[in-house]
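The values are calculated or read from the model by the stated rules, or taken from the named source; none is laboratory data. Because the structure is predicted, anything quoted here is derived from the model rather than measured. A quick note on method: Cβ atoms are made from the backbone with ideal geometry, for glycine too, and the neighbour counts reach across all protein chains shown.
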Amino acid sequence: MIMRHLSKAVVTIIALAAVLGLGLGLGACGKKKKKRPSGFPASVLHDFKRGGLESSKFAETDPARYGAEICAEGQVEGLAVLVCRYADAGTAKGSEAKLLTYVQGAVTGLVRTKGKVAMVVADPDKMDLRGKLIAKLVKAFEK
Amino acid sequence: MRLAVLGTLTALLTMVYAPAASASSVWYSGPHPIDTKVLKGMCYIPGSHVHSYAPVKPLLFVKAGRHNQFVGDPVEYEIEAPKHAYYGHHPLFWIDKGHRGKNYCYITGPHHHWYKPPKHLKFKHKGNVHWYVGGHPDWYVKTHPRATQLREHYHGIGIPLPHVTVSAPVGFVGLMVGAGWLTGHYMLKWHGGGWHGSGPMMYRWHGDKWKRPKWRRGHWNSPRWRARWKGHGYGKGHFKKHGYKHGYKHGYKHGYKHGNKHGIKHGKRTGGKRHAGAHRVMQRTGK
């Protein structure tokens, strides 16, 4: 008699757990992933955020200096970052020398391109001497 | 006059401050040690980047295009840095884009590098150490005796090295380093013009350099070995009595020389190999 009652209780518990699990699963499926913004530089800043990096508000800067269509600069975790969009990927790659002028005077600097977009990182305040943060930034940008 | 003085001063000032203006002009590729005046440690930035400082020890860098690439042991600068253990010489695949190119690591014995070897190169992983078993190219042999600076650098500094408790895998070519001894179980010997053979070889540290004993232990021509085996084996009678070397030398040279010469001299050369055996010579003279 006791055994029968016990087995009934076990069955009820299993059924409840299954219903709860199903509900949670459906809930998770219902959650929508944040869409990547299409605008510039919002799309690049989104990539930084996704890589776990906090960025300040980016302000537009003179694109002619870097031979670009549009440029914006700001700070990511204390590092000076410039992002520019070019007409095509070839122009972006070819503008490395111009972009490097942004790094002048900094201890560390680099230029990376991804399609039409180029990113310049400079560390004028010796924030990241080991380059661990810069490595994270590069990873987030190139992903 | 004043203008000329001012001009000269301006030019001088420009010369003095020129390096500061182009401070970020030293190119690096991949992780490397930071200038010790700035900070002791490794820079973790992957790929191409610039710094305001020059390579801390030019010896530990290889120039690939405009980039300085670190080829040393990261442990010298940061013990916790990412590292993989290696033993002996191997290609610097991270400079030659994952292939065996023109750059080689000449650090003898156990050491570390930042990078893990690619799967397509012939590295064997044994005892948590990577051993290059792909064989060394010809130019490596020529470069090897001269590329001693890197080895000497690491012999002189006390840095934590990979602890190797296993013997070298089959195919490894290099020196085995023990406490006070270098034992070349897979050692290539230099015979004026090329590296040959392999076998046990014991080296001993003589204060300033490793010295090889006069005879390789167990070598067939070593005095001890000859004394041990004289009169044993290699035929009967003459050979056994006088030892292998003596008998072989006279027997072979004598027979070959006279037989061959005789045959060529007195018989007609009807083709075939120039250095044919005795049987061939007999045939020729018979005609």
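List of remarks:
- Of the criteria (1) under 21 Å from A:LYS57 (Cα atoms); (2) surrounded by fewer than 23 Cβ atoms within 10 Å (Cβ to Cβ); (3) touching a Pro at 6+ places or on another chain (Cβ under 7 Å), which one A:CYS71 fails: (2)
- Qualifying positions in segment A:98-135 - more than 7 Å from chain B (Cβ to nearest Cβ), of a type outside the set (Gly, Ala, Ser) and in a loop (DSSP other than H, G, I, E, B): A:LYS116, A:PRO124, A:ASP125, A:LYS126, A:MET127, A:ASP128
- A:ALA92 vs. criteria more than 8 Å from every other protein chain (Cβ to nearest Cβ) and either under 22 Å from the mean Cα position of the chain (by Cα) or under 20 Å from B:PRO31 (Cα atoms) (or both): yes
Rundown of residues vs (1) in contact with a Leu (Cβ under 8 Å, 6 or more places away or on another chain); (2) closer than 28 Å to B:SER25 by Cβ, yes/no style:
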| site | (1), (2) |
| --- | --- |
| B:ALA85 | no, no |
| B:CYS105 | yes, yes |
| B:THR108 | yes, no |
| B:VAL129 | no, no |
| B:GLY135 | no, no |
| B:TRP139 | no, no |
| B:HIS155 | no, no |
| B:GLY174 | no, no |
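- Residue in segment B:147-156 that is touching a strand residue (DSSP E or B) at 6+ places or on another chain (Cβ under 7 Å), touching a residue at least 40 places away in the same chain (Cβ under 8 Å), buried (at least 19 other Cβ atoms within 10 Å of the Cβ) and not in a loop (DSSP other than H, G, I, E, B) present: yes
- Matching residues, segment B:45-60, being within 17 Å of B:HIS153 (Cβ to Cβ) and within 14 Å of chain A (Cβ to nearest Cβ): B:VAL56
- Long-range neighbours under 6 Å by Cβ, at least six apart or interchain, first residue part of a loop (DSSP other than H, G, I, E, B) within segment B:93-122, second basic (Lys, Arg): B:TYR106/B:ARG151; B:THR108/B:ARG151
- Residue in segment B:35-44 that is on the phi < 0 side of the Ramachandran plot, exposed (fewer than 10 other Cβ atoms within 10 Å of the Cβ) and at pLDDT 50 or above present: yes
- Screening B:LYS63 against (1) within 14 Å of another protein chain (Cβ to nearest Cβ); (2) surrounded by fewer than 20 Cβ atoms within 10 Å (Cβ to Cβ); (3) in a strand (DSSP E or B) leaves a single unmet condition, (1).
- A:ALA97 in contact (Cβ under 8 Å) with a residue 24 or more places away in the chain and of a type in the set (Gly, Ala, Ser): no
- Search result, residues across segment B:29-44 that are more than 8 Å from chain A (Cβ to nearest Cβ) and not in a loop (DSSP other than H, G, I, E, B): B:SER29, B:HIS32, B:PRO33
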